[in-house]
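S.K.: One structure follows; several queries about it will come next.
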Amino acid sequence: MFKTVVCVSGGGTNLQAILDAIDSGRITNTEIMAVISNNAKAYALERARNHNIPALCMSPKRYPDREAFNAAFTEKMKELNPDLIVLAGFLVAIPPAMVDAFEGRIINIHPALIPSFCGVGYYGLHVHEKALEYGVKVTGATVHFVDKGMDTGRIISQKAVYVQEGDTPEVLQRRVMEEAEWVLLPRAIDDIANGRIQLPEKKA
Ligand code: GRF
């Protein structure tokens, strides 16, 4: 069973897509052992609790500085020792020490076709605002491995979504979620958990 920790910050619709996929058998050989959020009020934590999954809050605000948070967050993750870490709408930079400890075993879903509309400042609704501002006809979502950069790791999968006349950022975000994010992330997890996507050896 692939032990997986999911990190969230907001509504948790990507987490819900993962949980629904496990329940329906579209994801197999996977156990969500914990959900961690930096935001105590994240509805994603409620979704975890509703699924009897340990829901933890680790907020940088509760530590004297970012270094202390990074150390505690990394320590907790080492304690959980998952086979895979999934960032599902997680808005906190992953500590470099965690990237090292779980090299090649952290994946992220980004709501655009990387390398478009990604990097610092490109998260949530801002991504879709920028896409509409630029006037792209096609956007989408990307699942990629997490390295020490921002949205710069090796791409695993992408799915295109057409922009439609009159789209608002909210309408476009919803379409990208429904047609791309909620499809790509469960599929990537199932591919990894069943060996269709190979991960590097787990570090001791
Ligand atoms: C959304 O903007 C989504 O596109 C991105 O993170 C944000 C929150 O997603 N991946 P979720 O509903 O918390 O999964």
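S.K.: I need the Debye-formula profile for segment 83-143: one equal scatterer per C-alpha, no solvent, reported as log10 I(q)/I(0) at q = 0.21, 0.22, 0.24 1/Å, two decimals.
M.R.: -0.84, -0.90, -1.00
S.K.: So if a site counts as exposed when it's one of the trypsin sites (Lys or Arg not before Pro), its DSSP state isn't H, G, I, E or B, and it has at most 10 other Cβ atoms within 10 Å, what's the longest stretch of the chain without one?
M.R.: Working: sites that count: Lys41, Lys137, Arg154, Arg196.
Looking at the chain, 42-136 is the longest stretch - no exposed trypsin sites (Lys or Arg not before Pro) with at most 10 other Cβ atoms within 10 Å.
S.K.: Run lengths n ≥ 4 of DSSP H only: what is the helix-derived mean residue ellipticity at 222 nm for the chain, with -39500 (n - 2.57) per run over all residues, to the nearest 500?
M.R.: Details: 7 runs with 71 residues, N = 204.
After summing the helix terms and dividing by residue count, I get -10500 deg cm²/dmol.
S.K.: Let me ask something additional. If I model the chain as equal point scatterers sitting on the Cα atoms and use the Debye formula, what is log10 I(q)/I(0) at q = 0.14, 0.16, 0.19 Å⁻¹?
M.R.: The computed values of log10 I(q)/I(0) come out as -0.79, -1.04, -1.45.
S.K.: If you plug each phi of segment 193-204 into the Karplus form 6.51 cos²θ - 1.76 cosθ + 1.60 with θ = phi - 60°, what whole-Hz ³J(HN,Hα) values come out, in order, with x for Gly and Pro?
M.R.: These are the phi-based 3J(HN,Hα) values: 5, 10, x, 6, 10, 7, 9, x, 3, 6, 6, 5 Hz.
S.K.: Angle, helix 66-80 long axis vs. longest principal axis of the chain, Cα atoms, 0 to 90°, nearest 10?
M.R.: 70 degrees
S.K.: So how exposed is Thr13, as accessible area in Å² (1.4 Å probe, rounded to 10)?
M.R.: Here the accessible area works out near 40 Å².
S.K.: What angle, in degrees between 0 and 90 and rounded to the nearest 10, separates the Cα long axis of helix 125-134 from the longest principal axis of the Cα atoms of the chain?
M.R.: Helix 125-134 sits at roughly 30 degrees to that axis.
The values are calculated or read from the model by the stated rules, or taken from the named source; none is laboratory data. Quick caveat: nothing in here was measured; it's all calculated off a predicted structure. Every residue, glycine as well, gets a Cβ built from its backbone with ideal geometry; the counts of neighbours run over all protein chains shown. Side chains included, ligands, DNA and RNA excluded: accessible areas come from the protein's heavy atoms. Shrake-Rupley method; radii C 1.70, N 1.55, O 1.52, S 1.80 Å.
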